[in-house]
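Everything below concerns the one structure shown next.
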Amino acid sequence: MKISDVIIIGGGLAGLMAASVAANRRQKVTVLTYGSGSLPLASGAIDFLNTESPEAAIKNLPAHHPYKKIGVKNIDTAAKFFCHITSQANLIYNGKISAQIPIVTAVGTLKYSSLVPESMNATKLKSKKKIFVANVKGLKDFYASMLVDNLKKYFPDKTFEIAPLDLNLMGGRDITCLSAAQILTGNEKILADGLKKLNATEDDAIIIPPILGLEGNISRAEVKSQIRADIIETTCLPPSPPGIRLQRALMKYLQKSGVRFHENSKVIHGTAEGKKITGVIIGSGIREKFFPAKKIILATGGFYSGGLTMREFDNPKEPIFDLPVFFPTGAENWSNENLFGDKPQGFSMTGIFTNDNLNPVDENGKVLYENLHVIGANLGGVDFIHEHSAGGVAISSAHKAAMI
Ligand SMILES: Cc1cc2nc3c(=O)[nH]c(=O)nc-3n(C[C@H](O)[C@H](O)[C@H](O)COP(=O)(O)OP(=O)(O)OC[C@H]3O[C@@H](n4cnc5c(N)ncnc54)[C@H](O)[C@@H]3O)c2cc1C
């Protein structure tokens with residue numbers, strides 16, 4: 001078995017980004033993963049912090065926060081590299097870590113994020129006279145009238161029109177955004193013909209659910225070439241086409257770069273000599289297989305994806321290397337009822353503490369393994385739900401770990 005320069009455990013946003021950075025350094029990269037991670041559910045936007053300038057706010061974060069260990073300069077470099085590799089798959093992202101861009105949610109509120117797919121960038125709404133909202137017949141979980149009622153609160157001076165759009169995508173049966181995006185990939189004319197009937201001009205915008213295909217910007221460019229108005233996609237309930245476009249864009253980059261990608265490969269445990277991890281083992285029983293590596297990046301996604309587990313309250317575990325897991329003690333500090341409210345969510349702070357090189361440390365700050373790096377939702381000390389920082393922490397920690 002050939003020794004990889006780096007093995008990445010987990011193929012979610014953090015793992016795919018780390019693999020891209022390492023491959024760009026011409027390293028021999030192996031990704032071991034199972035499941036699809038959370039990208040197919042995610043909005044596609046990359047949040048860094050819920051504040052006007054995440055870049056400026058990072059300096060006020062506590063020392064244990066992963067951003068403090070990564071450093072502002074590295075976070076900025078990671079954001080730029082992310083935009084660079086996604087653009088190679090024709091998926092254009094707008095933004096930077098010193099600013100926020102609005103996107104329209106499925107219910108018509110505005111959400112702000114630092115890196116936003118161009119197709120969702122709603123900045124231009126404020127300069128438009130009229131805003132059409134396409135009401136695609138049969139589309140599940142998209143309520144144009146609710147969207148308009150909410151969006152009017154942000155833009156009281158605009159004219160809104162709900163535009164019924166019968167695309168007959170599945171013979172009139174109910175359809176999800178994902179199925180609609182799949183059907184429209186290569187069949188963009190159906191949507192363009194429907195939108196043309198609105199006679200919208202350059203002064204207008206057309207808001208549509210995220211159904212502009214699954215391959216980068218291709219479907220959007222095709223439709224836009226036939227329509228004068230700006231077309232802006234909203235978010236949607238999962239599964240989410242913009243998240244899937246991002247996953248595909250990153251996978252394309254890895255395929256081109258020769259990264260060895262093993263799906264359905266659950267890492268069971270690692271092997272170590274002193275403070276060095278020598279490799280990891282996948283599978284179970286007679287089908288176990290050893291993968292040796294010089295360096296390991298742990299990107300297994302926290303509680304959501306099984307990177308952390310908790311069978312008994314107050315006793316969270318990291319199952320592969322048995323790393324110590326930080327958590328806020330006491331049930332009262334664990335969660336609050338309002339998931340996206342204005343109070344912290346203790347459970348999302350839970351994770352592994354590291355030094356500045358993202359090596360896991362014990363409760364005294366002593367490094368446990370010198371060639372193991374922890375990234376993404378496995379990291380402790382960051383309340384990514386309250387802060388709106390999951391994507392930013394994932395890509396910036398991935399970049400830092402892969403550059404070491
Ligand atoms: C519904 C939803 C919406 C979101 N919206 C946003 C948003 O708007 N903006 C934003 O910035 N972020 C958003 N996020 C967060 C973001 O998409 C990622 O969840 C986050 O960045 C963490 O990524 P990750 O790679 O660390 O973990 P994950 O995406 O969870 O990936 C971890 C991967 O590791 C694999 N794995 C676990 N254990 C093993 C093992 N033993 N062996 C091999 N593989 C293993 C898992 O199967 C999974 O594929 C959203 C997340 C969700 C769930």
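The values are calculated or read from the model by the stated rules, or taken from the named source; none is laboratory data. Remember, predicted model here, so these are calculated numbers, not experimental data. Every residue, glycine as well, gets a Cβ built from its backbone with ideal geometry; the counts of neighbours run over all protein chains shown.
List of remarks:
- Of the strands (runs of 3 or more DSSP E) contained entirely in segment 125-217, those carrying at least 1 residues that are surrounded by fewer than 18 Cβ atoms within 10 Å (Cβ to Cβ) and more than 24 Å from the chain's Cα centre (by Cα) fall at 130-136, 159-165.
- Residue within segment 89-107 that is buried (at least 22 other Cβ atoms within 10 Å of the Cβ) and closer than 25 Å to R260 by Cα present: yes
- Which listed residue is outside the structural domain of S53 (by TED's automatic domain parsing), of a type in the set (S, T, Y) and over 24 Å from F48 (Cα atoms), from T123, T159: T159
- Segment 52-114 holds no strands (runs of 3 or more DSSP E) entirely within its bounds that carry 2 or more residues that are in contact with a Cys (Cβ under 8 Å, 6 or more places away or on another chain), of a type outside the set (F, W, Y) and assigned by TED's automatic domain parsing to the domain that holds V361.
- Among (1) loosely packed, with under 15 Cβ neighbours inside 10 Å; (2) within 14 Å of the ligand (Cβ to nearest atom), the one test that F291 misses: (1)
- The set of residues in segment 225-256 being within 21 Å of the chain's Cα centre (by Cα) and among the polar types (S, T, N, Q) consists of T234, T235, S240, Q247, Q255.
- Residue match in segment 63-81 (condition: under 23 Å from K124 (Cα atoms) and either away from the ligand (no atom under 16 Å from the Cβ) or surrounded by 24 or more Cβ atoms within 10 Å (Cβ to Cβ) (or both)): yes
- Test: I58 is in contact with a Ser or Thr (Cβ under 9 Å, 6 or more places away or on another chain) and of a type in the set (A, V, I, L, M): no
- Members of segment 367-387 found to be part of a loop (DSSP other than H, G, I, E, B), within 12 Å of the ligand (Cβ to nearest atom) and modelled with pLDDT under 95, listed by number: V382
- Taken together, the criteria place K276 among residues that are more than 16 Å from the ligand (Cβ to nearest atom) and either over 21 Å from K130 (Cβ atoms) or among the charged types (D, E, K, R) (or both).
- Cβ-Cβ distances below 8 Å connect the following pairs, each with a first residue in segment 377-404 that is closer than 17 Å to E52 by Cα, a second residue that is at pLDDT 95 or above and acidic (D, E), and a separation of six or more residues or different chains: H388/D47; S389/D47; A390/D47; G391/D47; G392/D47.
- Checked against (1) polar (S, T, N, Q); (2) within 15 Å of the ligand (Cβ to nearest atom); (3) under 18 Å from L16 (Cα atoms), N50 passes all but a single condition, namely (3).
- Restricting attention to segment 7-21, the residues that are more than 16 Å from the chain's Cα centre (by Cα) and either more than 15 Å from the ligand (Cβ to nearest atom) or among the hydroxyl-bearing types (S, T, Y) (or both) total 0.
- Test: E222 is part of a helix (DSSP H, G or I), over 25 Å from the mean Cα position of the chain (by Cα) and touching a residue at least 24 places away in the same chain (Cβ under 8 Å): yes
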